[in-house]
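To keep things clear, I will list the structure first and then write my remarks on it.
The values are calculated or read from the model by the stated rules, or taken from the named source; none is laboratory data. These figures come from a predicted structure and were not determined experimentally. No Cβ is skipped: glycine too gets one built from the backbone with ideal geometry, and neighbour counts run over all protein chains shown. Only protein heavy atoms, including side chains, enter the accessible area calculation; ligands, DNA and RNA are left aside. Shrake-Rupley method; radii C 1.70, N 1.55, O 1.52, S 1.80 Å.
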Amino acid sequence: MIKLVLTDLDGTLTLDKSTFKVNLSAIEYLRLLEDRGIKIAIVSGNSYPVIRGLTTYFGFSGGLVAENGCVLHFKQKITVCKKMDRNLIQEFKEKFNVKDSWQNEYRECDFGFNPAILTEEMKRWAEEKNIYINSSGYAVHIAMKPAGKAIGVRKLIELYNLDKNEVAAIGDSLTDIDMFNEVGLKVAVSNSDEKLKEKANLILNLKSGEGVKEFAKMLIEGKIWS
C-alpha cells in the first residue's frame, strides 16, 4: 500500500521539460491523493524557500526534500549535507564560465548554474575536488559529497518510519535516479531521460505533469498499489 508519493518538480510537475509553468491538473490530482490519505512530498534541486512555499500552497502534507537531497522538512527544517565551500563555487564559475541560478542566494549546500550542460571537463573537475555534480536539465548542480536526492529521501522515509515498498517516486531526469534507489515503486513520465526509464518499474504514457495526473488517476482507480 502506497502511503507516500515523492514527486520531482522541474520537468515532472511542469507542463513540459522546457518550461517552469506548473501543470495545475497534476496538482489537482495529487491533492485528491492527499484527500485519500496518501501524503505528497516534492523532492527537487530547487532551494528550500521555493519548495517550502509550493508545498504550503499546493496543499501537500508529506514534507519536502530540497537542494537535491541536502535540505528537508519534516516538522522542522533539517540540513543533512555539508555547507558548500564558497571558494569552490567561485572556482567553478570562473573555470567554466557559468552563471548563478537566481536561487543560489537562498541555498546552503547544493548550488545551481546555467547553462545546464554538464560536460566531461566539469565531471573531471568535480572528481578531483570530491564534489557531487549533476544536471537536472534546468541547471548544473554542485555540492560537497555526500549529496544527491537519495540522502534526503532516505532521511524523510526514516522519519515517517515507512518501508520503502510503501513509497512511490515519480520523476524525469538523471537527478531522480538517486531518489528511485530509495523507494519501492519507481515511476517515470514519458519524456524522461532514457537512463531513468531503465530504472523505472512503470513508464507512463504521458509527459511531465500530464504523466503525474495519469499516475494519480491509476492510484485513485486502484489500478496499481494504493
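Of the residues Asn181, Asn97, which single one is under 22 Å from Glu198 (Cα atoms), open to solvent by 70 Å² or more (accessible area, probe 1.4 Å) and out of contact with any Leu (no Cβ under 7 Å at 6 or more places or on another chain)?
When all the criteria are applied, what remains is Asn181.
Of the residues that make up the range 57-74, is at least one of a type outside the set (Asp, Glu), part of a loop (DSSP other than H, G, I, E, B) and under 20 Å from Glu105 (Cα atoms)?
Yes, the range 57-74 has at least one match.
Exactly one condition in (1) open to solvent by 40 Å² or more (accessible area, probe 1.4 Å); (2) touching a residue at least 60 places away in the same chain (Cβ under 8 Å); (3) among the aliphatic types (A, V, I, L, M); (4) not in a loop (DSSP other than H, G, I, E, B) is false for Leu54; which is it?
Every condition holds for Leu54 apart from (2).
For the range 190-226, give me each residue that is on the phi > 0 side of the Ramachandran plot and either open to solvent by 60 Å² or more (accessible area, probe 1.4 Å) or at pLDDT 95 or above (or both).
Across the range 190-226, the qualifying residue is only Ser208.
Hey, among the residues in the range 123-143 that are touching a residue at least 12 places away in the same chain (Cβ under 8 Å), out of contact with any strand residue (DSSP E or B) (no Cβ under 6 Å at 6 or more places or on another chain) and surrounded by 13 or more Cβ atoms within 10 Å (Cβ to Cβ), which one's farthest from Ser18 (Cα to Cα)?
Lys129
Restricted to the range 4-28, and to residues that are in a strand (DSSP E or B) and among the polar types (S, T, N, Q), which residue is farthest from Glu158 (Cα to Cα)?
Checking each candidate, the answer is Thr14.
Would you please list the contacts, defined by Cβ atoms under 6 Å and residues six or more apart or on different chains, that run from a residue in the range 24-41 that is of a type in the set (Phe, Trp, Tyr) to a residue that is open to solvent by less than 100 Å² (accessible area, probe 1.4 Å) and modelled with pLDDT of 95 or more?
Tyr29/Lys213; Tyr29/Ala216
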